[in-house]
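The block underneath contains the structure these notes are about, expressed in structure tokens.
The values are calculated or read from the model by the stated rules, or taken from the named source; none is laboratory data. Computed from a predicted structure; not experimentally measured. For neighbour counting, all protein chains shown are included, and Cβ atoms are generated from backbone atoms with ideal geometry for every residue, glycine included.
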Amino acid sequence: MSQRADAKNIEQANSKEIKEIEPKEIMGFLKSKMSARFKMWLNICASCGLCADTCHYYLSSGKDPQMIPAHKVRFLKEILKKKGKVDRDFLQKVYHTVYHECNMCRRCTMYCPFGIDIALMISLLRSLLLSQGIAPEGLLTTVKNYNEFGNQMAISKEDWVDTVEWCEEETADELVGLKIPIDKKGAKILYTVNAREPKFYPQDIMEVAKIFHVAGEDYTLPSKDGWDGTNLAMFCGDTKTARLMVENTFKRAEELEVQQVAVTECGHAYRALRFEAPAWLGYTPKQEVVHSVELFHDYIRDGRIKLKDKIKEPTTVQDPCNVVRNGGLAEKNRRLAEFLSEDFRPMKYQGNYNYCCGGGGGALPMGGEMKKYRLASGKIKAEQIRETGAKIVFVPCHNCIDQIRDLSKEYDLGIKAIHFKEAITEHMEIPEEMIPKEDED
């Protein structure tokens, strides 16, 4: 399918009536968003090409010049030069580039001598497209669900609570005294999940409940909106819905008087709640936001979780862009992997310098439309993993883990991708008092 057909199909799927392009509206939108730094970035780019080899799309395409990060934001300069007088075909070309050729991973920015934030300019273009009624159907569906149900998977409050209670029942037989508290006022931590967990992966909830129980953590889950930490609205530039999602979580945090908001193994949820929320909300929430990687690392480091053994097979670790490069957790992510491994093998480029896997920036939720592009761009990550010789890959992010599992099939890697909590629950010591006693009869 051509790039024009791709975008046109998405556009028609999302709008019964094609919106007219109004130059004044486009320029008005950009005027409200184009701060001094955007103008500076557009003017100071020297077209030096240093960003080229930083991009997994560029490398996986055989070094196609069209994939150079600095080239991808050419549309912004063109729109300004034309004073917004562009047609629908032009916007469809923009759509193809900003959604199919960029994950907004920010690796290019790390190598740019001027620190130009290409991802932020791509994000601005996505927002502009949304203002013209153009966005991926998969992302618009999640936005609709966020506004109607308070979570991306359209789960009702009753189903959410029932699922949590079922997880507690299923897990309580394994550890004496295990509870999964809901709406516990005054708990230290409000724990948020990815809505795909109650929908498809309830074992994630069970595993973290075991870890919290053994670590003696004081936590709670909320029953009302705010339990889903994901924020896919930010990937199509819908800041109104993005604000709603973080607002829901911090409202629950205030109501339950917690000190911290903890995030499951999800990259963009962590970024949204910890780094983007203050800008969207207009204030800085008083609760500290922590990622599961931080919690798990500290539990093992501090002896709250003791390991009975380690993984014997060779392992490596994925550095999710929004956990590591954009989240600051490179060191703890690697150390946690080392804690759990007898034979840890880091990728050639690691930590802040690791390549994007190709599944972020909304690529996974975009569904079938994006699949061929994300699998092709993921070739670089597949090669990285293969070079380590690892059999197990730790992946502390939902979008990354699904992408890497797809890459393993696509490129015949023969690896197993797992979350940290799966490994921890399998290898941690269970205190004697928590081990269920066998029936005497």
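So here's what we get for this one:
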quantity	calculated
Positions within segment 85-108 being surrounded by fewer than 18 Cβ atoms within 10 Å (Cβ to Cβ), under 17 Å from L124 (Cβ atoms) and in contact (Cβ under 8 Å) with a residue 40 or more places away in the chain, in sequence order	K93, H96
Residue list for segment 52-63, restricted to those being within 23 Å of the chain's Cα centre (by Cα) and not polar (S, T, N, Q)	C55, H56, Y57, Y58, L59
F235 vs. criteria out of contact with any helix residue (DSSP H, G or I) (no Cβ under 8 Å at 6 or more places or on another chain), in the same structural domain as A272 (by TED's automatic domain parsing) and of a type in the set (F, W, Y)	no
Some residue of segment 245-260 being surrounded by fewer than 21 Cβ atoms within 10 Å (Cβ to Cβ), among the charged types (D, E, K, R), at positive phi and in the same structural domain as E170 (by TED's automatic domain parsing)	yes
Lone unmet requirement of (1) of a type in the set (K, R); (2) surrounded by fewer than 18 Cβ atoms within 10 Å (Cβ to Cβ); (3) over 24 Å from V161 (Cα atoms) for R271	(2)
Scope segment 134-156; condition assigned to a loop (DSSP other than H, G, I, E, B) and of a type in the set (S, T, Y); matching residues	S156
Residue in segment 419-431 that is over 29 Å from G138 (Cα atoms), of a type in the set (S, T, N, Q) and in contact (Cβ under 8 Å) with a residue 12 or more places away in the chain present	yes
Test result for E165, in a helix (DSSP H, G or I), without any contact (Cβ under 8 Å) to a residue 24 or more places away in the chain and over 30 Å from F75 (Cα atoms)	yes
Residue within segment 336-345 that is buried (at least 24 other Cβ atoms within 10 Å of the Cβ) and touching a Pro at 6+ places or on another chain (Cβ under 9 Å) present	yes
Set A233, A172, A269, A187: member being of a type outside the set (F, W, Y) and at pLDDT below 95	A172
Unique residue being among the basic types (K, R) and over 15 Å from the mean Cα position of the chain (by Cα) when the list is R252, R274	R252
Selection status of L232, within 30 Å of A382 (Cα to Cα) and surrounded by 24 or more Cβ atoms within 10 Å (Cβ to Cβ)	yes
Residue list for segment 152-180, restricted to those being within 19 Å of L256 (Cβ to Cβ) and out of contact with any Asp or Glu (no Cβ under 9 Å at 6 or more places or on another chain)	V161, V164, E165, E168
Residues of segment 296-336 satisfying the condition of being in contact (Cβ under 8 Å) with a residue 40 or more places away in the chain, assigned to a loop (DSSP other than H, G, I, E, B) and either within 18 Å of the chain's Cα centre (by Cα) or at positive phi (or both)	Q318, P320, C321, N322, V323, R325, N326, G327
Hits in segment 59-79 (condition: out of contact with any helix residue (DSSP H, G or I) (no Cβ under 6 Å at 6 or more places or on another chain) and surrounded by fewer than 17 Cβ atoms within 10 Å (Cβ to Cβ))	G62, K63, D64, P65, Q66, R74, E78
Matching entry among A262, A242, A253 (being closer than 25 Å to T141 by Cα and aliphatic (A, V, I, L, M))	A242
Test: residue in segment 239-249 that is touching a residue at least 40 places away in the same chain (Cβ under 8 Å), acidic (D, E) and either over 25 Å from Y299 (Cβ atoms) or part of a helix (DSSP H, G or I) (or both)	no
When residues of segment 143-174 are limited to those that are out of contact with any strand residue (DSSP E or B) (no Cβ under 7 Å at 6 or more places or on another chain), hydrophobic (A, V, I, L, M, F, W, C) and surrounded by 18 or more Cβ atoms within 10 Å (Cβ to Cβ), the one nearest to L221 (Cα to Cα)	W160
Qualifying residue in segment 366-373 (condition: more than 15 Å from the chain's Cα centre (by Cα), among the charged types (D, E, K, R) and closer than 24 Å to A272 by Cα)	no
Exclusive hit being assigned to a helix (DSSP H, G or I), farther than 20 Å from N333 by Cα and either modelled with pLDDT under 95 or among the hydrophobic types (A, V, I, L, M, F, W, C) (or both), set I385, I401, I380	I380
Top-ranked residue in segment 35-58 [being without any contact (Cβ under 8 Å) to a residue 24 or more places away in the chain, aliphatic (A, V, I, L, M) and surrounded by fewer than 18 Cβ atoms within 10 Å (Cβ to Cβ); ranked as nearest to Y353 (Cα to Cα)]	M40
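Yes/no per residue for (1) touching a strand residue (DSSP E or B) at 6+ places or on another chain (Cβ under 6 Å); (2) under 28 Å from I205 (Cα atoms); (3) crowded, with 24+ Cβ neighbours inside 10 Å:
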| residue | (1), (2), (3) |
| --- | --- |
| Y353 | no, no, no |
| K379 | no, no, no |
| C400 | no, yes, yes |
| E422 | no, yes, no |
| E438 | no, yes, no |
